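Colleague: Let me begin by handing over the structure; questions about it come next.
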Amino acid sequence: MELLALYCALFIGMGVYEYIKRKDFREFVLAGRRSGAGVVSLSIVASCVGASATIGMTGLAFKVGTPAFWWLGSGAAGLLLLSAFLAAKVRRANVYTLPDMAERFIAPPARKLMALIIIPAWASILAAQYIAAAKVAVSLSGMGYTTALIACAALITTYTVLGGQNSILKSDVVQYGFVGLGLLLALYYAGAASPLSLADVNLEFANEGFPLSKWTYFMLIVGGSYVVCPMLFGRLFSARDDKQARRGAYLSAAGIALSAVVIVCIGLYARGLAPAGTDADAILTRVIPDIMPAWARVALLFALLSTIVSSADSCLFTAGTVLEHDLLNGRKVGRCRLGMLAIGLGAVVIAQSGGSILSLLLAANDIYVCGVVAPMFVAILANGKRELNVRTMLLAIVAGGCLGIGAAYTGDKIYSYLGVGVSMALSLAALLQPRLATAR
C-alpha cells in the first residue's frame, strides 16, 4: 500500500509541477511543439500498450495462441501507414486536434461531426482503462474493486487535468520504464515455471479460435484506428517538426510490434500454468504473479498499472481537448480542465455499468473507425492535390458513424465492414466531383 501511495504521489507531483508553470492553451495542449522523435515514439508506445495490450491481449493469447499478436500487430501495421503517408502532413498542418484538421481539410461541419464521434468513443476507451487499472490496484493493495476504481480514476484525472500534455509526455517515459522491466520479468518467470516450450507452439497466422474473418476485422477496425487517431495525432502535433514526427511514428511501430511479441509469449507460457477454463482477464493479474517472487510480482503489477495509466491519461486528455477546442470553440485552459473532469466522471459511470475490457474497446473502435478514419485519410492525402465534394464527405462521416453505432449496439461485425466500406466509397466518390466541390 505504501508503494502504491508513492507511485500516485510521483505522478501527481509531475502534474502539480506543470500546473505551477501557468500554461496557455498552446503549451497545455501541444507542450510547446518541442518534442523529438524519441519522446514522441515512447509516448505513442506507452499510450498504445494499455489494457488491451496487457491484460486483454495476454488473455487472448492464452485462449487462441499466436494469432493474438494481431491485436497490437494490426496497430503496428496502421502506424506504418501513418508514418509513410500522413505523419509529415499531420505535423505541417499546425493545428491543435484531429477535428481541427477536419475543418481545414474538409469543411467546418466536419469538425463538429468528428468531435461528436470522438468524445463518446474515447470516453468508452477510458472506461476500459479504468476497469483494468482497478483490477491491478486490487491486486496491489487489497482494497475493494469499487474503491480501487474510484481511486485510479482520481489519480489519472488529477495529474492529467493539472499538467496537460507536458505532464503526459514526461510520465509516459517513466511509465514505460516500469512496463519494460515488468514485462521482461513476467516473461522470464513464466518461461521458467511453465512446462510449455515455445518451440512446441504452432506459429499460426490464424486458427479456429481466431479465424481470417477476425483477422480482417482487427486489421480494418483496430489497425484503422492507428492510421487516423486523435490521440496519436496529438503526439505528432507536439513534435518539433515534420521529420521528428515521421521518425517518431516509425520508431513507435517497431516498439509496439516488439511489445506484442513479449506479451503473446507470456500468454502462451500461461497455458502451462493455468487450466483451460481460467478467466482470460486473470492471466496477467493473478496467474502469472502467483509464480513470481514477491519483489518481481510487485514490479509486474506496477508495470501493468503503468501501461494502463499511460493509456488512460491520453484518452482523457484527447476527449477533453476536443470538447473544449472543437465543440465549445474555445481555448480556455480552465474550462478544458473542467471538461476533462466531467468526462472522467462519465467514464467511471460507464465502467460501473459492466462490460469487459475488450468489449468496450471494440465498441469504441467500431464507432470511431467507421465514421472518421476513411474520410480523414482521403482528405489528408488529397489536400493540395484534389478538391473535395463537401456534402459527399459529410455523408461519409455520418453514414459510417451510424453503421459503427449499429456494430457497437448489436455486436454484429457485418455493420463494421459495411461502415468502413461505405465510408471509404463515399470518401473516394468525393474526389470524383471536383467541379461541385468547395476548394479548401
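None of the figures in this text is laboratory data; all of them are computed from the coordinates on show. Please read all numbers here as calculations on a predicted model, not as lab measurements. Cβ: placed from backbone, ideal geometry, glycine included. Neighbour counts: every protein chain shown.
Colleague: For region 14-25, in order, what is each residue's ³J(HN,Hα) by Karplus, 6.51 cos²θ - 1.76 cosθ + 1.60 with θ = phi - 60°, in whole Hz (x at glycine and Pro)?
Modeller: 4, x, 5, 4, 6, 5, 4, 6, 6, 6, 7, 5
Colleague: Can you compute the radius of gyration and Dmax for the chain, using only the Cα atoms, both in Å?
Modeller: 20.8, 69
Colleague: Hey, if you put +1 on the Cβ of every Lys and Arg and -1 on every Asp and Glu Cβ in region 34-165, which of Ala134, Ala110, Ala88 ends up farthest toward the positive end of that dipole?
Modeller: Going by the charge dipole, the pick is Ala88.
Colleague: With θ taken as phi - 60° and the coefficients 6.51, -1.76 and 1.60, list the Karplus ³J(HN,Hα) couplings across region 193-205 in order, rounded to whole Hz; mark glycine and proline as x.
Modeller: So the Karplus estimates, Gly and Pro as x, are 8, 7, x, 7, 9, 4, 5, 8, 7, 6, 7, 10, 6 Hz.
Colleague: For region 326-334, in order, what is each residue's ³J(HN,Hα) by Karplus, 6.51 cos²θ - 1.76 cosθ + 1.60 with θ = phi - 60°, in whole Hz (x at glycine and Pro)?
Modeller: 9, 8, 9, 6, x, 9, 9, 5, x
Colleague: Then there is this: Rank-order 288-297, 387-396 by packing density, defined as the average count of other C-beta atoms within 10 Å over each peptide's residues, highest first. All intermediate terms of the calculation are to be shown ahead of the outcome.
Modeller: Values: 288-297: 16.4, 387-396: 21.1.
Put in order of decreasing packing, that is 387-396, 288-297.
Colleague: Relative to the Cα centre, what is the charge dipole magnitude of the chain, using +1 at the beta carbon of each Lys and Arg, -1 at the beta carbon of each Asp and Glu, and rounding to the nearest 20 debye? The partial results should precede the final answer.
Modeller: Details: 34 positive and 21 negative charges, 329 e Å.
The calculation lands at about 1580 debye.
Colleague: Hey, how many Å between the Cα centroid of region 182-216 and the Cα centroid of region 1-33?
Modeller: 37
Colleague: In region 154-221, what chymotrypsin sites (Phe, Trp or Tyr not before Pro) fall in a loop by DSSP, with at most 15 other Cβ atoms inside 10 Å?
Modeller: Phe205
Colleague: Could you pull out every residue, at least 5 positions away or on a different chain, whose amide H is within less than 5 Å of the one on Leu196? Hs are placed 1.01 Å off N in the peptide plane, and Pro or chain starts have none.
Modeller: For Leu196, the qualifying residues are Gly272.
Colleague: On to the next question. What is the angle, in °, between the Cα long axis of helix 390-410 and the longest principal axis of the Cα atoms in the chain? Nearest 10 is fine, range 0 to 90.
Modeller: That works out to roughly 30 degrees.
Colleague: Using a 7 Å offset from Cα along Cα-Cβ at Arg92, what residues in region 21-53 end up with backbone N under 20 Å from the label point?
Modeller: What the label zone holds, given the 20 Å backbone N cut-off, is 33-37.
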